[in-house]
Amino acid sequence: MNRRDALTRGVQALALLGSPGLRAAHAQGGGQGGAAQAPRVSKRYLRTVVDDALLARHLLPADAWHPYPQAGDRAAWSRVPADVAEALIARADSWLGTEWPQLPASLFLEFAENGNRTHYEQRYFERRSRLAGLVLAECVQGRGRYLHAIADGVWHVCEETFWGLPAHTGMQKRGVGLPDAAEPVIDLFAAETGVTLAYVHYLVGAQLGTVSPLLPVRIAAEVKRRILDPGWARDDFKWMGLAVGKNERREPLNNWTSWIASSWLEANLLLEPDPARRRAATLKICGCLDRFLEDYSDDGACEEGPSYWTMSAGPYLDCLMALDSALGGIVDLAADPFVRRMGHYVLDVHVAGDWFVNYGDAHAQVRHSPPLLHRFGRATGDGELAAFGAFRAPARGIALSDQGRLARDVADVLEVARMRATTGRDALERAAWYPALGLMTTRARAGSAQGFFLAVQTAPNARSHGHHDSGSFIVFHDGRPVFVDPGVEAYTAKTFSRDRYTIWTMQSGFHNLPLVGGHMQRGRDARDRASAVRVDDGPRATGMAMELATTFGPEAGIRTWKRRVALDRDAGTVTLRETFELMKSAPVTLVFMTPRRPDAAQPGIVALPVAGGRTVLLRFDPRMLRSDVEPLPLADPGLKHEWGEALYRVKLASTRPLAAGDLAITIAT
């Protein structure tokens with residue numbers, strides 16, 4: 001059974017299963033007036049289903065497993081829509097006769113010498129993107145025109161000393177710098193390189209053998225040496241979640257685990273020559289995935305945000321589909337309510353267009369692979385998610401990865417025809433509540449981007465890819481950003497160092513949160529988060545209340561700081577109320593981050609122009625607060641792409657030091 005066949009069984013379930021919503025996780029009961037909480041959905045761990053006996057009976061041998069049609073299966077590849085095939089061929093033709101990007105030692109060393117990651121990574125990913133694109137073009141055309149270019153790409157990659165990124169050489173015993181060829185380690189991109197070459201071998205290996213019989217042999221040897229052998233022999237990679245010393249707590253796992261496991265699993269199923277080790281490694285990978293699932297938010301939300309969902313929940317589904325396919329479809333691992341909830345999260349954090357609810361290192365504008373959304377929906381029986389994938393598809397139905405993810409790209413290409421048969425529908429959910437992550441989303445009216453959209457999150461400040469932002473909120477109006485989370489600049493050596501929280505985008509002072517006596521939030525551990533969280537959801541209003549004192553250290557001198565933020569549908573406003581007591585009088589400032597150029601000329605009002613001549617007004621009591629606007633010119637290309645040339649930091653500062661207060665803010669048109 002291949003993956004496409006395994007997915008067809010999910011189609012009939014679409015009409016039978018209801019969809020999650022405030023639903024997927026209804027409002028947490030926080031006392032009288034709290035909305036009812038949805039029934040908990042248990043996680044199903046793979047090792048409770050997959051064991052050695054099951055694998056011994058049903059795991060297909062490597063030469064019998066056909067996850068996708070190979071290049072020689074011309075009938076299957078001829079079913080790829082003509083416009084998609086033409087686009088793949090045109091892209092591949094543009095590369096023919098051009099030089100492959102070079103990766104010299106001096107470029108590799110930039111990370112160690114000045115912290116720059118992007119210069120090396122751009123060329124590194126261009127190599128892999130080109131190789132994957134050439135293979136796909138050969139599959140759809142089938143004339144051998146790209147085989148020598150593919151051979152060049154394979155040889156370049158096999159000759160690389162290190163398949164990972166310079167930023168990850170710290171995994172080696174020698175530490176950051178030029179890599180030690182004698183110690184292969186498995187980071188995200190070494191694993192992804194391994195599975196890319198495994199699929200080159202699977203898809204066009206027979207054709208490459210006509211160029212030289214040594215090419216498929218070299219691929220298999222390098223994948224075994226760099227991925228299969230260290231994955232089998234070692235338990236101490238942190239992303240595995242396996243090796244914990246005496247009196248040592250296992251570190252929480254993140255997207256590294258599912259992302260690497262999906263690459264390792266498929267490479268193992270395709271290229272591991274020893275049948276017994278192939279089964280045992282599959283079980284080991286399932287154990288790693290179970291550790292990942294243990295740490296995944298119990299409500300199904302992606303802790304790292306919607307842009308990381310693609311490489312967190314997405315590869316978890318890839319693992320389930322690969323296992324389902326390699327086991328001949330006897331288990332149907334993807335038909336799991338919790339996995340469905342992991343997928344549906346994407347719908348609940350969609351604002352409008354390319355805008356999604358971002359927090360931590362997530363970006364605010366996201367273009368998920370539409371075929372992945374569609375495939376996730378089909379596999380889990382979520383018709384809304386499948387329809388959203390169809391709705392999000394561009395004209396030709398596919399936007400290929402620029403990082404050379406051949407395992408994902410081939411699945412996407414083969415999904416397009418099915419996706420085009422699905423009626424597309426936008427995801428504009430009325431409201432949702434994820435209690436474990438502490439994430440609430442709500443809009444003025446279900447099915448419409450018009451009016452206000454509000455999202456609030458109260459996740460721990462010490463989470464993976466987290467910022468000091470617990471209790472912050474974002475506001476959109478008519479599908480356009482008004483008050484925002486800035487997101488993250490391009491990664492450098494500083495991003496994941498002890499100096500991470502000296503970066504301005506990581507600090508609570510640059511989120512929609514208070515400053516108390518100049519002090520910002522902290523994030524030492526999971527306790528540093530908003531507490532006493534309560535969500536109330538009704539037809540007229542949806543809002544969240546919380547205690548923010550637990551996000552600050554004792555130096556801030558806060559006895560209590562109660563925040564209440566709500567969308568009032570009847571009034572067409574968003575309201576914010578801050579009620580607090582301090583140990584001594586101190587200046588208090590409320591921060592609002594916006595990409596709109598504020599006009600603070602009128603007392604008690606900050607005017608923010610939005611599209612269509614509309615203006616959003618930030619209203620406050622000028623006797624208690626005075627406004628100040630701080631422009632923040634942006635240099636980072638990613639931030640400029642999302643927000644333009646500048647963000648603005650609106651500060652509503654108390655007119656005098658306060659020992660207590662009750663401040664009311666209204667956001668209205």
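Legend: ranking of residues Cys139, Cys158 from fewest to most surrounding C-beta atoms inside 10 Å; resulting order Cys158, Cys139. Per-residue 3J(HN,Hα) values for region 98-110, derived from phi via the Karplus relation 6.51 cos²θ - 1.76 cosθ + 1.60 with θ = phi - 60°, read 9, 6, 6, x, 9, 10, x, 4, 4, 6, 4, 6, 4 Hz in sequence order (x marks Gly and Pro).
What ranking, highest mean first, results for peptides 272-285, 493-506, 458-471, 249-262 when packing means the other Cβ atoms within 10 Å averaged over each residue? Intermediate results must be reported in sequence, preceding the final value.
Working: 272-285: 17.4, 493-506: 14.6, 458-471: 23.6, 249-262: 21.3.
Descending mean neighbour count gives 458-471, 249-262, 272-285, 493-506.
Rg and Dmax of region 241-398, both derived from C-alpha coordinates alone, stand at 16.4, 56 Å. Sorting Leu513, Leu214 by the number of Cβ atoms found within 10 Å of their own Cβ, with the fewest placed first, yields Leu214, Leu513. Over the C-alpha trace of region 400-502, radius of gyration and Dmax come out as 18.3, 50 angstrom. Farthest towards the positive end of the charge dipole of region 226-305, among the residues Gly241, Ile227, Pro273, is the Cα of Pro273, using unit charges on the Cβ of Lys, Arg, Asp and Glu. Please report how far the C-alpha centroid of region 348-413 lies from that of region 566-637, rounded to the nearest whole angstrom. Using only Cα atoms to place each centre, the spacing works out to 33 Å.
Note on region 592-646: Rg/Rh from C-alpha atoms, Kirkwood Rh, equals 1.03.
Gain on full extension, evaluated as 0.36 nm per residue between Asp52 and Thr423 minus their Cα-Cα distance, stands at 129.4 nm. Taking each pair of different alpha-carbon atoms in region 58-133 once, compute 1/r for the pair, average those values, and report the inverse of that mean as the Kirkwood hydrodynamic radius in Å to one decimal. 16.0 Å is the Kirkwood radius here. Think of each Lys and Arg Cβ as +1 and each Asp and Glu Cβ as -1; about the Cα centre, that makes the dipole of the chain roughly 1100 debye. Between the beta carbons of Leu60 and Glu555, assuming R0 = 56 Å, the FRET efficiency works out to 0.40 to the nearest 0.05. Rg/Rh for region 432-577 (Cα atoms only, Rh after Kirkwood) is 0.98. Its Cα gyration tensor gives region 196-259 an equivalent ellipsoid, and the semi-axes of that ellipsoid, as √(5λ) in whole Å with the largest first, are 36, 12, 5. When Rg and Dmax are taken over the Cα atoms of region 487-542, they come to 15.4, 48 Å.
Nearest 20 debye, what's the magnitude of the dipole of region 529-669 about its Cα centre given +1 on Lys and Arg Cβ and -1 on Asp and Glu Cβ?
On the way: 20 positive and 16 negative charges, 45 e Å.
For region 529-669, the charge dipole is close to 220 debye.
Each of the peptides 382-388, 527-533 was scored by the mean count of other Cβ atoms within 10 Å over its residues; in descending order, highest first, they stand as 382-388, 527-533. Close amide H pairs (under 5 Å, H built 1.01 Å from N) link Ala646 with Leu634, residues at least 5 positions away or on another chain. A simple charge model with +1 on the Cβ of Lys and Arg, -1 on the Cβ of Asp and Glu and nothing else charged puts the dipole of region 431-668 at about 240 debye relative to its Cα centre.
Spin-label model, Glu110 to Ala571: label points 7 Å out along the Cα-to-beta-carbon direction sit 5.2 nm apart. Scanning residues 5 or more positions from Leu439 or on other chains, those with amide H under 5 Å from its amide H are Tyr434, Thr458, with H placed 1.01 Å from N in the peptide plane. Across region 488-496, computed HN-Hα scalar couplings (Karplus, 6.51 cos²θ - 1.76 cosθ + 1.60, θ = phi - 60°) run 9, 7, 4, 5, 9, 4, 6, 4, 10 Hz from first to last residue, x flagging Gly and Pro. At a Förster radius of 35 Å, what calculated FRET efficiency corresponds to the Cβ-Cβ distance of Asp402 and Ser531, to the nearest 0.05? Given R0 = 35 Å and the Cβ-Cβ separation, E is 0.25.
Here the residues Val366, Val357, Val244, ranked from fewest to most Cβ neighbours within 10 Å of their Cβ, fall in the order Val244, Val366, Val357. As a ratio to 2.2 N^0.38 Å, the alpha-carbon radius of gyration computed for the chain takes the value 0.99. Volume of the convex hull of region 448-500 (Cα atoms only), normalised per residue: 95 Å³.
Every number in this text was worked out from the coordinates using simple rules, so none of it is lab data. Predicted model only: the values in this text are computed from it and were never measured. For neighbour counting, all protein chains shown are included, and Cβ atoms are generated from backbone atoms with ideal geometry for every residue, glycine included.
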